[in-house]
Every structure is written in C-alpha cells, then in structure tokens.
Amino acid sequence: MKQLIKFISIFLAAVFFTACTPKGVQPIQSLSGVDVADFNLTNVNVGLSPEFIARVEKQITDEEEYIASQKELIENPPGRTSLRRRDATKVAQKRLEESENKINSIREEMVAIETDVSTGIQKVLADKFLGSRNVSLDVLINSFAMTNGGAVILVGGSDSMTGLIRIKDDQSNELLGEYHITDFDANSGLIGMMARGGNPRGSMIRQFSEKISDVLAGKYSE
Amino acid sequence: MFLLVNIVSKWYQLPFRYIIIVVIIPFLAGCSYSPNKEKIENFVNYDSLKVVNRHGNYKASLTKETHLSGTAELIGPFCSAHNFPYDFDFIIDDAITTVLDKVYQTVELSILTSENGTSIENDFSIKIDPADVRIMCHPITEYNWECVATTKLLGSVLDRENDKYDIVVETRGVSPAGGACGGGADAVSASIGHAIEDFSNQLYDILVVN
C-alpha cells in the first residue's frame, strides 16, 4: 500500500509538473515573415518594468518608515531604568542600521540587475546578427527572484526571471517582434544545490540571454 | 516496477517533497480555480467632471465591433491553468451615458453594432474597438507571486463635420497572485476599471471642447 501511494504520488507529481512546466519563450507578436538573417543588432536597452520599480520603491518606503520608528525609539527610549532605556536604544540602533543596510542593498541590486542582464545579453549576442538591417532590442525585466542557498537545501526553492523583449527596426521604428521570456529553475536538497551550480545568478542571466539569442535567430518565428 | 519506484523515491525524496509542497499543491489549487466573469470596478470619478449642460437636443451613437467581454490573454507560463474572463460591456455604456449627461442637457444615445452603426444621422458618433486585455503573473520572491494586467482600448469620436478624434487608452493593474492565482482577476479588474476611467475622461475632454 505504501509503495502504491509512493508510485501514485510520483506519477501525479510527474504529470502535473510536466503539465505546469513553464514555457521559456512565448511570442506576443511573432517575427514570422521577417528576415532574421538580415538583422544587424545595433542597440540593446535593458530596463525594469514600472511594476518592478514600484515594488522595489515600496520596499524602500517600508524600510524608511521602520527607520523612522526606530529613530523615535532612540530619541525617546522606553523603560523605567536607565539600563533598560540604554538597552532599548542599542536594539533600536541595531535595527536602524540593519534597515539602512537593507535599503542600500535593495538599491544596489536594482542597478545590478539592469547592468548584469545588459552585460549578459551583450556577451551572448557578441559577434552575432551582423546583417544589413539595423534593429534594436528593448528588454523590460518584470521579475528577478533568487532563492537563498540554505533554503534550497532545507525546503527547496526556485530561481526565476521574466521579461518582455521588443525588436524594433532602427530606421522606421516599426515593432518587428515582441516576446515574453521566462527562466525558471526549481531545485531542492543537496542534489538540487549541486544542479544549481556555483553561480545561479549568472546561469539564470545566461539562459535568459540565450533565449533572446534564439528569438533573434528566428527559432520562435513560426 | 515497485522496486524502481522505491529506488526513485528514495533518491528523489527531498526534491519530490519540495515539488509536492511548493509546486504541485499551488498548481493543483490553481488548476481547480474556475472564476465567474470578474466583477469590474469602475474608477470613474463622475463628481470631478464638471456639469456643462449644453442646451439643445443632441443625438449620439455608440458603436462597438463586438461585446467588450472575453478572456484575458495570458502572457508567460505562470498561472497558465487559469482563465481570467471579463465583461465590461454594460459598465462602459453606463460610463459613456453618464459622461454625455454631464456635457449635454438632452442627448439621445443609440447603441449600435458595427453593421448598422454608420447609417444613423448623429451629432457625433463614438466608436470603440475590441479590447485587448492581457495578464502576466510571475514570482517576485520564491513564494510570492504577482500578476500584472494590461488593458488597451482604442476608440474615436466623429463629429458632424466629420472631424475625427482618437481615444487611446492603455492601463495596468497589479495584484498579488494569491495562493491559487485568483488575485490575477483583481489585476484584470483594476486594469479594466482604470481603462474605463481613462476612456471616459478623454471622451469628456473631446466633447467639452467640440
């Protein structure tokens, strides 16, 4: 009976996981009918979507509000004795510094995502698409989520990245193609940790960039 | 077969536990989600539209190629087991009627289909193209998803002198996806609600000036 339950759960898991496996590339406006062999990629613009920016700004605002509350505690520490007030001040000071560090890391990450993705794409696309029709590539990142390495071992987790790409003719500014790209890796335990590799962030950006390269090469033009 | 299952389940115990807990259950919950047509929230602030009450008996027509209803096009793989249907046909009729009532003292509005829409003599004709409603959901942290819906609505106003004024609307709505992606419906509702608001405001501005 136990074996049967295991078999059924593995079978169901396999079926549903397969059914719900994220597709990598979804055309919104396909490049069909466009001669991709003629592409000369002149410009790659990478940006964050308005929702992404709004989400990050909200995180920063929440942290700033928290910092304000801790400053208030530092100025008016609770407690009847001076020892308690000093302890409360120390705790508040520590939390304040943690929040300030968090804000700095959020801001740095925001800039780093754009820079790293841009570098990753240019690396993958280097020496490719050197035709005669000048085109530009706009990449709008909608989400970028990495799981903490410890969490992968203990409970599992997923790294994912989604974005929209638009390919435009430089001369006419005509939109030639628009695609939604997803990179999603779910890993768990030690095996998952090994499969994830030493640089999951770099791997995810590389895979995302390779999908862009495939789109430009006409792989999803049907 | 059971031996094979035993070996596989031992080797992949942790990953499958993860798959079942983190991936399968939300997807299963999601796969069983079958919403009714989403209730669209109308964001038009009619009080902010000044009453003009232009004198005279006016005739207007509103032409729609199709009913403004359907299912939002899902972009991307997340929440792909879900449908996000919408219907704002009556809401936009209501919004347009209210805008006309603000501008004109007496106005007779005919709501037409695209087949007979141009045959009636009107002081102005309003046309609305089919709506383009899209939704995409994605993880913002490993266990926290978000849905973003976009509504594009194109329309025009043709006056008695055959002058045409275009109305172009593109709005977005954001909502946490929730456990079963049901929050996506809120994003669709918000984006359509804002589209109706934007359309109504643009229409009001066109009618007031002309």
Amide proton proximity set for B:LYS59, modelled H, under 5 Å, gap of 5+: B:GLU108, B:ASP123, B:PHE124
Flagged links, alpha-carbon separation over 31 Å, of A:LYS58/B:LYS152; B:LYS39/B:LYS64; A:LYS168/B:LYS152; A:LYS168/B:LYS39; A:LYS58/B:LYS102; A:LYS58/A:LYS90: A:LYS168/B:LYS39; A:LYS58/B:LYS102
Accessible area per residue in Å² at 1.4 Å probe, computed on region B:82-199: 41 Å²
Solvent-accessible area buried by pairing B with A, both sides, nearest 100 square angstrom, 1.4 angstrom probe: 3300 Å²
Computed accessible area, A:LYS102, all protein chains, 1.4 angstrom probe, square angstrom: 100 Å²
Other-chain or far-sequence residues with amide H under 5 Å of A:LEU176's (modelled H): A:ILE167, A:LYS168, A:ASP169
Area of A:SER132 that stays accessible when all protein chains are in place (1.4 Å probe, Å², to 10): 90 Å²
Sequence-distant aspartates and glutamates (8 or more away, or on other chains) whose Cα lies within less than 15 Å of B:LYS59: B:ASP101, B:GLU108, B:GLU121, B:ASP123, B:ASP159, B:GLU161
Threshold 30 Å² - residues in region B:134-163 whose accessible area is reduced by that much or more when the chain is no longer isolated, probe 1.4 Å: B:ARG134, B:MET136, B:HIS138, B:PRO139, B:ILE140, B:GLU142, B:TYR143, B:GLU146
A:MET194 accessible area, assembled protein chains, probe 1.4 Å, Å²: 140 Å²
Relative contact order (%) - criterion: Cα under 8 Å, at least six apart; region: region B:83-189: 23 percent
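The values are calculated or read from the model by the stated rules, or taken from the named source; none is laboratory data. Since we're looking at a predicted model, the values are computed, not measured. Calculation scope for accessible area: heavy atoms of the full protein, side chains included, ligands and nucleic acids excluded. Shrake-Rupley method; radii C 1.70, N 1.55, O 1.52, S 1.80 Å.
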